[in-house]
Amino acid sequence: MGNIRVLVTGAASGIGKGIAEKFLSQGAKVILLDKDELKLSETAKELESSTEVVESIICDLRNEKELQSSIDWTWNNLGGLDVLVNNAGLAIRESFVDIPLSTWDQIIDVNLRATFRLSQIVAKRMIEDKVSGSIVNISSKNGISGSSKLAHYNTSKAGINLLTQSMAVELATYNIRVNAVAPGFIDTPLDRELKQKENNLKLTEKTPMNRLGTVQEVANGVYFLASHQASYITGTTLIIDGGHLANASEF
Ligand SMILES: NC(=O)c1ccc[n+]([C@@H]2O[C@H](COP(=O)([O-])OP(=O)(O)OC[C@H]3O[C@@H](n4cnc5c(N)ncnc54)[C@H](O)[C@@H]3O)[C@@H](O)[C@H]2O)c1
């Protein structure tokens with residue numbers, strides 16, 4: 001996949017950073033987008049030691065103006081995009097009856113609304129450019145099966161799965177493929193508190209592979225779906241969870 005242009009959102013940390021590294025290792029030009037200026041510059045510096053092109057954009061995906069200008073910048077500087085990875089996301093643990101409207105809106109806005117809006121703007125431009133593009137959305141096992149204290153997060157990820165299918169159906173005619181990846185428990189800063197606390201309570205007890213996944217294992221799935229190896233795959237959600245959902249009926 002040499003010379004392809006890839007934009008990864010939420011790339012300053014965790015899975016997004018791992019995805020950026022994977023594409024760079026395969027010779028792609030990668031744009032890292034994140035709202036966290038400090039982490040983003042640290043990550044960009046770290047990844048710049050590779051020989052490939054790394055650009056970074058500071059953007060809060062909840063801000064329409066910043067989102068629009070990020071895409072303008074991308075087209076002005078790289079001439080377009082071949083791959084968009086909608087990875088930025090956040091999770092907050094709150095009981096259903098206590099979820100304030102503000103966190104409901106925040107999580108739906110970043111995880112779902114921004115995925116819709118960024119994909120819409122990018123897809124329009126890919127169509128104009130007649131690019132055979134690929135969009136990969138980062139969902140979650142929580143978008144397929146529910147859990148306590150994450151009603152907003154779970155809903156946002158379930159929305160991503162159906163958004164992925166809906167986009168895939170409409171964009172296939174333009175040779176743009178759209179897929180999602182649904183990770184299980186992955187070793188990243190997201191939900192770190194729970195991972196540390198629950199590790200004692202055997203967080204991965206019901207995961208047949210009995211360990212957290214790595215960002216590289218998720219990045220490999222994203223790379224596969226974006227690549228020509230997946231040329232007849234669109235509208236699918238690839239579960240990368242060590243068998244966790246396969247084991248949902250276990251007690
Ligand atoms: N880590 C897991 O166990 C796990 C499991 C399933 C799904 N996921 C999903 O993977 C994706 C990445 O998660 P992670 O674990 O790497 O999290 P992370 O917290 O390490 O990284 C998320 C990144 O998104 C950025 N971000 C958040 N809000 C943003 C906004 N408004 N605008 C721009 N950037 C923003 C953050 O600054 C951060 O750098 C998320 O969509 C998450 O829901 C993670």
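Bear in mind these aren't lab numbers, they're just calculated from the coordinates by the rules spelled out. These numbers come from a predicted model, not from an experiment. As a convention, Cβ positions derive from the backbone with ideal geometry for all residues, glycine included, and neighbour counts pool all protein chains shown.
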*Where the Cα atoms of the stretch 5-240 are projected onto their three principal axes, how long is each span, largest first, in whole Å?*
49, 39, 35
_Range of Cα positions in the stretch 51-104 per principal axis (Å), largest first_ = 47, 27, 17
*Compute the semi-axes of the equivalent ellipsoid of the stretch 134-251, taking the square root of 5 times each eigenvalue of the Cα gyration tensor, and list them largest first in whole Å.*
27, 15, 12
*Could you point to the residue in Ile135, Met167, Ile31 farthest towards the positive end of the chain's charge dipole, with +1 and -1 charges on the Cβ of Lys/Arg and Asp/Glu respectively?*
Met167
*Just Leu33, Leu190, Leu61 to compare: in a GNM of the chain, with alpha carbon springs under 10 Å, which one fluctuates most?*
Leu190
_At a 10 angstrom cut-off on C-beta neighbours, averaged per residue, how do the peptides 163-169, 175-181 rank from highest to lowest?_
175-181, 163-169
*In degrees between 0 and 90, to the nearest 10, how far off the longest principal axis of the chain does helix 215-226 point, with axes built from Cα atoms?*
50
*asked:* Running a GNM on the chain with Cα contacts under 10 Å, which residue among Ser95, Ser70, Ser56 ends up with the highest mean-square fluctuation?
replied: Ser95
*Taking every DSSP beta bridge that has both residues in the chain, what percent is antiparallel when rounded to the nearest 5?*
0
*Could you name the lysines in cross-link range of Lys65, using Cα to Cα under 27 Å and dropping any fewer than eight places away on the same chain?*
Lys17, Lys29, Lys35, Lys39, Lys45, Lys124, Lys130, Lys157
*asked:* Suppose the chain between Glu42 and Asn76 were pulled fully straight at 0.36 nm per residue; how much longer would it get relative to their current alpha carbon spacing?
replied: 9.8 nm
_Could you sort the peptides 152-161, 205-214 by per-residue average Cβ neighbour count (10 Å cutoff), highest mean leading?_
152-161, 205-214
*Which Rg and Dmax, in Å, describe the Cα atoms of the stretch 73-209?*
17.0, 52
*asked:* Is there a quick way to get the dipole size of the chain? I mean about its Cα centre, with the Cβ of Lys and Arg at +1 and of Asp and Glu at -1; what is the value in debye to the nearest 20?
replied: 420
*What is the packing order of peptides 15-25, 218-228, 71-81, 139-149, taking the mean over residues of other C-beta atoms within 10 Å and listing the highest first?*
15-25, 218-228, 139-149, 71-81
